[in-house]
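Everything on this sheet refers to the single structure shown next.
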Amino acid sequence: MAGPIRAAVVGGRRGRGYRRAFSALPEQVTLSAICDRSEAVLDEWRQEFPELLLFSRYEDLLEADACDAVFIATPIQAHVQQALAALAAGKDVLVEVPAATTLEECWALIEAVERSGRTFMMAENYCYTRPNMMVRHLVEAGVFGRTTYAEGAYIHDTRNLLFTPDGELTWRGQIARDLNGNTYPTHSLGPVAQWLGTTGPAPSDRFEELVCYVTPETSRWRYAAEQFGKDHPAAQPDSFRMGDSASVLLRTEGGAVAYIRRDAASQRPHNMTHYALQGERASYLSPRHEREDPLVWIEGRSPGQRFGKEEWQPLWDYASEYEHPRWKLSGAVAREAGHGGGDYFIVEDFVRAVREGTPPAVDVYDAVTWSSVFPLSVESVAQGGQPVKVPDFRRAR
């Protein structure tokens, strides 16, 4: 492809986050169009970027010669249908998380990507934070040995996002009302899946089975009562099916175990994410709050081992040796682009895959595997915490 890729952002509110990444990669990608149903959102873009093509109907965007690729940043219920339409129109697709919400959508997405031959990538930004990329580099360098256990948690109180200002349920609120499980799994699972060797065109392991347990719902209905009054339809203890915290255990074919948690309702201080990794020869623990460093213990290298008093040490003690090469090269620019560096590296990886025809960093098989935790966890909860099998999406190819 000669010249930069023309990218259209679908979903102008969340899509604003990509502006800085586009600006940092001007020779590779250019923002050509915005699509959003809200005229107010389009007006904001029009005032800042008067040269952009603006669309209120997705069908009109795909019919116009306005872009080479679409960046889908809409509510998750729309992701698959919009991706299918874009692929059928000959567009490359980058989609926000999760990529799908049902197993039927997962299979439809695989079929469409294979049939179209276009590039498809899921934009899981937590795979690109500095500590998560450094841990992956340590794993790939063999420092951990065999990885056997991992944890990932996304703890983000989103009760304020369940309602419009006048008290109507948003798309997030509708999911919390209707479903019970881990319906937003990829922030927790993405880095963990990479560390356990379950990703990429030739993974060394795969997720085989999961089980999900969910705590009672104690927070959302109380929030509705506080904000909109006790007579509001959502201000009743049985207004939402979704529990406060959903915990998933995944087992791989090789015997590794991953513990994945999502809590979007509990009122508590938090720093959004938690990760941990255990290997044969090393361990990792993410910080509990912003004032702490991520910690690592490496056999034969961390202090105190000669005296039987092993000690954690800051992950950054090994930065000179094991900082991920991409963070060494572009970390400062990526950090300025937002989302902890994720937006920059996501756009860079997607554009490289489109231009060079190489496998994207999170291809359709990884995208649907991680996203399938959504429906599979709901199924496990509905069956009283029974294990359910994870489809082998890649082998089905």
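Determine, for each peptide in 338-347, 75-84, the mean count of other beta carbons within 10 angstrom over its residues, then list the peptides with the highest first. Intermediate values should be presented prior to the final figure.
Values: 338-347: 23.4, 75-84: 19.5.
Put in order of decreasing packing, that is 338-347, 75-84.
Between Rg and the Kirkwood Rh of segment 5-125, both from Cα atoms, what is the Rg to Rh ratio?
Values: Rg = 13.7 Å, Rh = 14.4 Å.
The Rg/Rh ratio comes out at 0.95.
What whole number of Å gives the distance from the Cα centroid of segment 131-161 to the Cα centroid of segment 95-119?
Their Cα centres are 25 Å away from one another.
Explain nothing, just the number: relative contact order of the chain, from Cα pairs under 8 Å at least 6 residues apart, as a whole percent.
Worked out over the chain, it gives 21 percent.
Which trypsin sites (Lys or Arg not before Pro) from segment 285-349 combine a DSSP loop assignment with at most 10 other Cβ atoms within 10 Å?
291, 309
Within a Cβ distance under 11 Å of residue 38, other residues only, what is the Lys/Arg minus Asp/Glu net charge?
-2
Return the aspartates and glutamates within reach of residue 91: Cα separation strictly under 17 angstrom, same-chain partners fewer than 8 residues apart disregarded; answer none if there are no such residues.
59, 60, 63, 65, 68, 111, 114, 349, 356, 363
Run the helix sum for the chain: -39,500 (n - 2.57) per DSSP H stretch of 4+ residues, divided by residue count, reported at 222 nm to the nearest 500 deg cm²/dmol. It would help to have the intermediate numbers written out before the result.
Numbers: 14 runs with 133 residues, N = 397.
It comes out at -9500 deg cm²/dmol, rounded to the nearest 500.
Considering only the other residues whose Cβ falls under 12 Å of the Cβ of residue 389, what net charge follows from Lys and Arg at +1 and Asp and Glu at -1?
-3
Sort 235-243, 207-215 by the packing proxy (mean of other Cβ within 10 Å over each peptide's residues), most packed first.
Result, highest mean Cβ count within 10 Å first: 207-215, 235-243.
Work through the residues other than residue 253 whose Cβ is under 14 Å from its Cβ and net out their charges, Lys, Arg +1 and Asp, Glu -1.
My count for the surroundings of residue 253 gives +2.
I'd like the Karplus ³J(HN,Hα) series for segment 277-294: coefficients 6.51, -1.76, 1.60, θ = phi - 60°, whole numbers in Hz, and an x wherever there's a Gly or Pro.
Along segment 277-294, the couplings run 9, 10, x, 5, 10, 7, 9, 9, 9, 6, x, 7, 8, 5, 7, 9, 8, x Hz.
Counting only C-alpha contacts under 8 Å and six or more residues apart, can you give the relative contact order of segment 294-371 as a whole percent?
Over segment 294-371, the number comes to 14 percent.
Bear in mind these aren't lab numbers, they're just calculated from the coordinates by the rules spelled out. Please read these numbers as outputs of a predicted model, since none were measured by experiment. Here Cβ is always computed from backbone atoms with ideal geometry, including for glycine, and neighbour counts include all displayed protein chains.
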